[in-house]
1. Return yes when Val176 is out of contact with any helix residue (DSSP H, G or I) (no Cβ under 9 Å at 6 or more places or on another chain), surrounded by 18 or more Cβ atoms within 10 Å (Cβ to Cβ), of a type in the set (A, V, I, L, M) and touching a residue at least 40 places away in the same chain (Cβ under 8 Å) and no when it is not.
2. Regarding region 31-51, can at least one residue be identified that is closer than 20 Å to Ile197 by Cα and of a type in the set (Asp, Glu)?
3. From the residues in region 171-203 that are in a loop (DSSP other than H, G, I, E, B) and under 15 Å from the mean Cα position of the chain (by Cα), which one is farthest from Ile74 (Cα to Cα)?
4. Quick check on my filter: what residues within region 193-213 are open to solvent by 60 Å² or more (accessible area, probe 1.4 Å) and not hydroxyl-bearing (Ser, Thr, Tyr)?
5. Considering region 48-64 alone, what residues qualify as being out of contact with any helix residue (DSSP H, G or I) (no Cβ under 8 Å at 6 or more places or on another chain) and either outside any loop (DSSP other than H, G, I, E, B) or within 13 Å of the ligand (Cβ to nearest atom) (or both)?
6. Residue pairs, Cβ under 7 Å, 6 or more apart or interchain, first in region 17-36 and of a type in the set (Ser, Thr, Tyr), second open to solvent by 50 Å² or more (accessible area, probe 1.4 Å). List them.
7. Would you mind finding the one in Ala36, Ala32, Ala52 that is more than 16 Å from Asp76 (Cα to Cα) and out of contact with any strand residue (DSSP E or B) (no Cβ under 8 Å at 6 or more places or on another chain)?
8. Determine if region 94-101 includes at least one residue that is hydrophobic (A, V, I, L, M, F, W, C), in a helix (DSSP H, G or I) and within 16 Å of the ligand (Cβ to nearest atom).
Amino acid sequence: MARADECLPFTADLQAATTPDQAFQMLMDGNARFAAGTSLHCDLLAQAEATAAKQTPFACVLACIDSREAPELILDQQIGDIFVARVAGNVPTPEIIGSFEYATKVAGAKAILVVGHNHCGAIKGAVDKAVVGDNLTTLLNEIEPAITATPLTGERSSKNGAFVQAVAETNVRLGVVALLEKSPLLKSLVDAGQLKIVGGVYDLETHVVTLLA
Ligand SMILES: [Zn+2]
């Protein structure tokens, strides 16, 4: 459900009246504004004050930590609009899945967007089996299933941009599947029509999020 003024806080009434499809459309509309150079430029301090006592966001976003993929900016969303979880390679760790269970079931968000991006360093590192630190290796191992599930398109290394992109897209698709398979709660919300989970890939050059079928 649209706000009368896009800069006004997203209220509990608006959240209650918003369908999962509408919530998702608001994310896509925001990305269209950003890519067109028509982001809203609202009074952030006024929004912070208006949402200090209560938040009723309409969506969740799982994104990479990449400095160029800041969800609130590339989706042109305001303070109080979206729950955001970020980790290199945008993989749904148990902590993130738990966070989204809270964000949807308890806090009422209607959509989850899993969004990877092109030229992703985490994807490249996983493809090349980079060894940097033990904890990073543990994280990059989470991307391994996407590498395995991506059909060979030439050289399977970070030098092959098409392969890196294909793995990034597979990784997002598997992320969406993992949210449903690892969380009976999220799946029940989707089955009941109360939640929509969709994957997409952000393009650093065009600034557009393209949804994956
Ligand atoms: Zn990345």
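1. Yes: the conditions hold for Val176.
2. For region 31-51, residues closer than 20 Å to Ile197 by Cα and of a type in the set (Asp, Glu): absent.
3. Selected residue: Leu195.
4. Step one: filter region 193-213 for residues open to solvent by 60 Å² or more (accessible area, probe 1.4 Å), giving 194, 196, 205-207, 210-211, 213.
Gln194, Lys196, Glu205, His207, Leu211, Ala213, listed by residue number.
5. Ala48, Glu49, Ala50, Thr51
6. Close Cβ pairs satisfying both conditions: Thr18/Met1.
7. Details: Ala36 fails: more than 16 Å from Asp76 (Cα to Cα); Ala32 fails: more than 16 Å from Asp76 (Cα to Cα).
Matching residue, one of Ala36, Ala32, Ala52: Ala52.
8. yes
The values are calculated or read from the model by the stated rules, or taken from the named source; none is laboratory data. Quick caveat: nothing in here was measured; it's all calculated off a predicted structure. Here Cβ is always computed from backbone atoms with ideal geometry, including for glycine, and neighbour counts include all displayed protein chains. In case anyone asks, the SASA skips ligands and DNA or RNA and just uses the protein heavy atoms, side chains included. Shrake-Rupley method; radii C 1.70, N 1.55, O 1.52, S 1.80 Å.
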